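Just so it is clear, none of the values below were taken in a lab; they were calculated from the coordinates. These numbers were taken from a predicted model, which means no experiment stands behind them. Cβ coordinates were reconstructed from backbone atoms using ideal geometry, including for glycine residues, and neighbour counts include every protein chain displayed.
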Amino acid sequence: MTLTDLSPAIRPRCPPGACDCELDDLLVSINADTRILRLTRSDEQRLLERLENLSSLADLRRIEQKMEEQVGIRLNISKVSAVRTLRGILIRVEPMPGLCRKTRKAIPAAIRKSLEKHPDIAYQIADMGGLFDGA
């Protein structure tokens, strides 16, 4: 399978040496999850815009679930034990073949922007597993 065998809407390759997305390994693997190839630049921009404008923790969870279902991107959002600021909330995109390095950095940045706009979402994340969780 080559990039030309796939839909023309697929994101173009990163310049050689500029990324660690392992796209070539993904394309030659027979059993690989190729859903990530559906994420075009315009789709990525819409996703980042949506992540920057979250309205609630439920909204974040819904988008997180859709990202995994549609393109295979998995988020890991956790907190450091004594969270006092946004820096104590760790947002990590799980590595996967075909996912651009820039995208792996842009997704957490977009979520952080949203958390800055809506501190209540950050408080809910910080309280996960805490005294008021589930109350």
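Once the other residues with Cβ under 12 Å from the Cβ of Ser114 are scored (Lys, Arg +1; Asp, Glu -1), what is the net sum? Net local charge, Ser114 excluded: -1.
Across segment 10-126, the mean sequence separation of Cα contacts (distance under 8 Å, 6 or more residues apart), normalised by length, yields a relative contact order of 32 percent.
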